[in-house]
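Participant: Below: one structure in structure tokens.
Bear in mind these aren't lab numbers, they're just calculated from the coordinates by the rules spelled out. Bear in mind the structure is a predicted one, so any value in this text is a computation, not a measurement. Heads up, the Cβs are rebuilt from the backbone with ideal geometry, glycines too, and the neighbour counts pull from every protein chain shown.
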Amino acid sequence: MTQKKTDHLNLLFDMGELASIITGGSDIQAFLTGASALVAKHLQAHVCSIYLFDYRSKHLVLKATRGLKPEAVNQIRMLPGEGLVGQCFSRDQVLRVGNARISPGFKYFDNAGEDPFNSFLCVPIRRGVVKIGVLVVQQREIDHFTLLDERALRTAATQLAGAVENARLLMALATEQTDTDENEETASNMFPAFIKGKADGYGLAYGTIRPSRRKRKAILFEADASNISYSLADFQTALENTIEELKLLQDKFASSLPESESLIFTAHFMMLKDKNFTGKMKRLIEQGTSPVAAIQQLVQKYIKVFSDNPNAYMQEKAVDVEDLGIRLLSHLKALNTPSPPDRGTIFVTQDIYPSDMMKLTADGIRGIVLVGGGVTSHVTILARSLSIPLIIADDPVFIDLPDTTRLLLDAGQGNIYINPDDNTLAIFKANREAENRAKAQDMQPSTYTLDNRRIRLLANINLLSEIHLARELKAEGIGLYRTEFPFLIRSGFPSEDEQYIIYKGLFDKTAHGTVTTVRTLDAGGDKVIKHTDFIQEANPALGLRSIRFSLKHRQIFRTQIKAILRAAHGRQKVRLMFPLISSIDEFLEAKQVTAQCIRQMEQEGVPHKNDPEVGIMIELPSVLATIDEFAQLADFFAIGTNDFIQYMLGADRGNKLVAEHYIPYHPAVNRGIAKIAAAAIGHGIDVSVCGEMAHDPKHIPFLIGLGITTLSVDPKFLPRVQATVMGTRFSRASAYAQRLLDQTRVRYAAEMLNAGPGKNRIIE
Ligand code: PEP
Ligand code: MG
């Protein structure tokens, strides 16, 4: 047996050793080989190997080894989760195995020369929080490695991580350079055919990639290499064509989305008329500057002015200038180019604003891939409302995809197919047609459980255009109308009359005699409404959001309440709902403002609804303590599980880094919801669930089992929810809910939820 040194706890390669393998080797490969030799030496191990994660192929690839056969380098590859190395990587855990060859996870490669080595120890190599590979040592003797070795190997991995990551990036860059030398078709074949993203939406989209903002922006900064000389008349034509294009987009959009008014391109139109902008361009051209250079000069200047402004609202304007500049230059160049610039229909981006989404929709975008970055929940909700499939994918491969790439998005599953073949496309087309056919005709006007308990299905509406689908799919009313979208998509606050028109549209479009629940403005948090005195908060989710914003900005609140109640004049079953209520005092204050608005309208003789039901969204755990008192004061409760989970568990609903902590079936959440339901039922008021949980077939039996009889969901989910309810037996669901409530452990609650009401058992 090899004699072990006890001092290798202090295994720190000294700087000289590390520097010598970095600078001494002939290339990157030599560095990695040197590194594995160094680790083998310090741990006195027979084998040391370095596996790096290849982001393109999604495999862990053996990149260097001391002790295994050199020809195995670049040949041995495995998926995360596969073999001991793959498990170490995917679980982000050290694995120490006394006899690897009989370990169930071991994967044998006969070309590696691993046969004589029994003991196995591996650690993930991480750069900060990013996993980049796995460092492995192996030894002939069984049960060789100790806890000390484990610590030493971890130290080695930490020390090497920076250099290894640089090596990995350089190797990736080298491959990319080779790629760009080849033709585009070959290059696109280098990318994986399929990528799994986060399922956050609904629907399918297929199209070519729209060049990213970065690529499109290049036109604004590159010198014109075409040698075409454009005239002032050409510039005028390009200007007119741009105006014409924007008008067409606007008209198309305004008719399908009335709440947008015609305002989405306001900034564009204003700039097109601005004598300091297009006027200055003209003057420059008259003085001899080429039209391309004149446009570039002014656009660059304006981008700088807006980007340098400390106000986020003004910074966002830079995007409008950019977009306008690209349109102007594209129209100018189109005068000499036979085909217009390809705009593509699948937008791949790292960030997006709700206002961008509206413009992209007007531009005919069919789908969106959001690569990493933050995304506000309202962007995902808006995408759903606009029927734009959106997938969040955290894969750097998207940044490099050529513009000719075709993508097929299956947002329901979170699947992205890169350059799908005809067969895949045909399967999806057939599925989509079958799905569309099935929906409306199968819906029943009312919904019952198997044992005849009536469950009311309502719709969550964000844009008026969705009401049509809600009615077609037999929603029995509106359980949540999110009023913030008209605020989110325009640059200023809509006036009382503008809001009145929108809310009137809501009441006119919904069937008479059905309930309509209008939620007052849920601004702030991740629903960022840009206005001139917009303040950036360090902690927006805990900041001036929702009802707090409304109560602070009383004028905005009063304007909205009056607009809603004026629009609701003559309607039955009107519900006014306040979001994010944290205390009885806050609720009473909001009710008082409502009463004042009603009084004022009475005095002024303005026709309005004077007796709406007034209720609250339950989204904060603080209300649980006084839930019975709330039930005595409110006409109804609507449980907003999206926020309720976020605040109950302290996990941001939009932050993928804490997604694993955002646990809808957490015992605290389950018991919280049960308490709310019991209070409402005990006091005889209606309680609905309108968060995402309400459309999840796994959660529906639990909610029904608690006695909840109203679910409000995005219209698209109505068929699925109805089918789930109709397959549920209330008696069984209530026993199941009780058993789920007994669980104190997250993992047991998860098991029980996955098993469903049919097969569950009490878990100790
Ligand atoms: C919720 O929080 O569950 C909810 C329905 O409101 P929103 O998603 O608009 O915050
Ligand atoms: Mg909410």
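Participant: State the extension gain, in nm to one decimal, for the chain segment bounded by Ser495 and Lys304, taking 0.36 nm per residue of separation less the distance between their alpha-carbons.
Facilitator: Length gained, Ser495 through Lys304: 65.6 nm.
Participant: For a 26 Å ceiling on Cα separation, which of these pairs sit above it: Lys63/Lys131; Lys131/Lys359; Lys196/Lys429?
Facilitator: Lys131/Lys359
Participant: Report the local net charge at Glu602: Lys and Arg +1, Asp and Glu -1, summed over other residues whose C-beta lies under 13 Å from its C-beta.
Facilitator: Here the count lands on +2.
Participant: Going through the cross-link list Lys252/Lys304; Lys198/Lys252; Lys280/Lys301; Lys282/Lys304, which pairs have a Cα-Cα distance over 23 Å in this structure?
Facilitator: Lys252/Lys304; Lys198/Lys252
Participant: Continuing with this model, one more query. Give me the one-decimal nm value for the distance between modelled label points at Ala668 and Gln572, 7 Å along each residue's Cα-to-Cβ direction.
Facilitator: 4.4
Participant: For the pairs Lys474/Lys573; Lys58/Lys217; Lys504/Lys591, flag any whose C-alpha to C-alpha distance is greater than 26 Å.
Facilitator: Lys58/Lys217
Participant: Can I ask one more? Do any chymotrypsin sites (Phe, Trp or Tyr not before Pro) in the stretch 103-163 lie in a loop, going by DSSP, with at most 13 other beta-carbon atoms within 10 Å of their beta carbon, and if so which?
Facilitator: Tyr108
Participant: Treat the count of other C-beta atoms within 10 Å as a stand-in for reagent exposure and order Glu751, Glu586 from fewest to most.
Facilitator: In order of increasing Cβ crowding within 10 Å: Glu751, Glu586.
Participant: Let me check I've understood the local charge: for Arg140, count other residues with C-beta under 13 angstrom from its C-beta, Lys and Arg +1, Asp and Glu -1. What total comes out?
Facilitator: Result for the neighbourhood of Arg140: -3.
Participant: Please work out the C-alpha center-to-center distance from the stretch 566-638 to the stretch 77-143 and express it in whole Å.
Facilitator: Value for the Cα centre distance between the two parts: 60 Å.
Participant: Another question, if that's okay. Run the Debye formula on the Cα coordinates of the stretch 37-118, all scatterers equal and no solvent, and tell me log10 I(q)/I(0) at q = 0.20, 0.25 1/Å.
Facilitator: Scattering profile of the stretch 37-118, log10 relative to I(0): -0.98, -1.50.
Participant: With the crude spin-label approximation of a point 7 Å out along Cα→Cβ, what separation in nm comes out for Ala293 versus Ser583?
Facilitator: It works out to 6.5 nm between the two label points.
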